[in-house]
1. Condition check: of a type in the set (K, R), surrounded by 13 or more Cβ atoms within 10 Å (Cβ to Cβ) and at pLDDT 95 or above. Does R105 satisfy that?
2. What single numbered condition from (1) surrounded by fewer than 21 Cβ atoms within 10 Å (Cβ to Cβ); (2) within 15 Å of the ligand (Cβ to nearest atom); (3) touching a residue at least 40 places away in the same chain (Cβ under 8 Å); (4) not acidic (D, E) fails to hold for N33?
3. Pairs only if they're at least six apart or on different chains, beta carbon under 7 angstrom, first in the range 169-197 and of a type in the set (F, W, Y), second part of a loop (DSSP other than H, G, I, E, B); list them, first residue then second.
4. Out of curiosity, is L95 closer than 30 Å to A175 by Cα, touching a helix residue (DSSP H, G or I) at 6+ places or on another chain (Cβ under 6 Å) and modelled with pLDDT of 95 or more?
5. Could you tell me whether T257 is out of contact with any His (no Cβ under 8 Å at 6 or more places or on another chain), of a type outside the set (G, A, S) and modelled with pLDDT under 95?
6. Are there helices (runs of 4 or more DSSP H) fully within the range 45-160 with at least 3 residues that are closer than 28 Å to A228 by Cβ? List them.
7. Would you pick out the residues in the range 228-284 that are under 20 Å from L62 (Cα atoms) and in contact with a Ser or Thr (Cβ under 7 Å, 6 or more places away or on another chain)?
8. Can you confirm whether the range 187-210 contains a residue that is closer than 23 Å to R3 by Cβ and in contact with a strand residue (DSSP E or B) (Cβ under 7 Å, 6 or more places away or on another chain)?
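The values are calculated or read from the model by the stated rules, or taken from the named source; none is laboratory data. Please read all numbers here as calculations on a predicted model, not as lab measurements. Positions of Cβ are generated from backbone atoms using ideal geometry, with glycine treated the same way; all protein chains shown enter the neighbour counts.
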Amino acid sequence: MSRPTLRFAPSPNGRLHLGHAFSALTNARIAQNLGGRLLLRIEDIDLGRTRPEFVQAIFDDLAWLGLNFDGPVRRQSGHFSEYVRARDALAVRKLLYPCFCSRGRIAAAITEREASGARVARDPDGAPLYPGTCHALPGDEVRARIDGGAPHTWRLDSAAALAEITAPLVIRRFAPDGSQDTVPADPARWGDAVIARRDVPTSYHLAVVWDDAEQGISHVVRGQDLEAATDLHVLLQHLLGLPSPAYHHHGLIRDETGDKLAKSKGSESLADLRARGVTPGAVRAMLGFA
Ligand code: GLU
């Protein structure tokens, strides 16, 4: 059997905070317990929000914490051609369809449905499921719009995708003590999710399953906020014929008000802690890694 391989996969759109430190340290501890390797992946598909100084800061903050990574660092922005191949492989099988809707148009379609008394289902993140507007577009209109350069995302045709499932779709879970179990996956709750964005040829979901396979990841360790997304990830792995790793979703570090830490909310960064004299040892102790 090949060596267990884990990854820590931050997005360089802000400075790392204690939540990232906890995730990275949890990955490192589990990798060590399993006698495995720990890789670093920079998830920089969001070209509008990625900044080079945040990439460098990830390296600096992780080194400051005393974390070492194996193998070369993978940067997603260097692999767009691979995501194009994966996207197109799904699209030719009619498992994806182009969607020309703007956010405003989707919101209006949902308001309209709700006004007519329909109950609009929501995805696990609380967003209304896409109402399928572009699924119904005639083929010649789709071709004309694409030929005319109309911006579009690619959405999962969830009905077509689920029709390809012949055996129960499951998520393999593992606990830090190494014990494993399986739970059923329910990707239908994500509806016709966006698999490739309009600005880049992938979404988080497609890039993450592609890269986990490319990097030979056997054990995914990440926060509970991504647990529900795993249902969609195992579906994409099945459709693309990729191996499915075992998953462990750890608890989240929360602020005084009970909210999870977030760059967007200005949570104190590791750099802020360092600037006020907090040592890496104190950060580890604070997070239970003394
Ligand atoms: N890039 C994601 C984040 O920073 C993590 C993705 C993953 O671990 O699957 O939240």
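1. Working: of a type in the set (K, R): yes; surrounded by 13 or more Cβ atoms within 10 Å (Cβ to Cβ): yes; at pLDDT 95 or above: no.
So R105 fails the test.
2. Going through (1) surrounded by fewer than 21 Cβ atoms within 10 Å (Cβ to Cβ); (2) within 15 Å of the ligand (Cβ to nearest atom); (3) touching a residue at least 40 places away in the same chain (Cβ under 8 Å); (4) not acidic (D, E) one by one, N33 breaks only (2).
3. Within 7 Å, the pairs are W190/D123.
4. On the way: closer than 30 Å to A175 by Cα: no; touching a helix residue (DSSP H, G or I) at 6+ places or on another chain (Cβ under 6 Å): yes; modelled with pLDDT of 95 or more: yes.
The answer is no for L95.
5. Details: out of contact with any His (no Cβ under 8 Å at 6 or more places or on another chain): yes; of a type outside the set (G, A, S): yes; modelled with pLDDT under 95: yes.
Yes, satisfied.
6. Working: elements: 52-64, 80-92, 103-115, 139-147.
Hits in the range 45-160: 52-64, 80-92, 103-115.
7. Passing the criteria: H250, L261.
8. To start, the set of residues in the range 187-210 that are closer than 23 Å to R3 by Cβ comprises 208-210.
Among the residues that remain, those that are also in contact with a strand residue (DSSP E or B) (Cβ under 7 Å, 6 or more places away or on another chain) are: none.
There is no residue in the range 187-210 that is closer than 23 Å to R3 by Cβ and in contact with a strand residue (DSSP E or B) (Cβ under 7 Å, 6 or more places away or on another chain).
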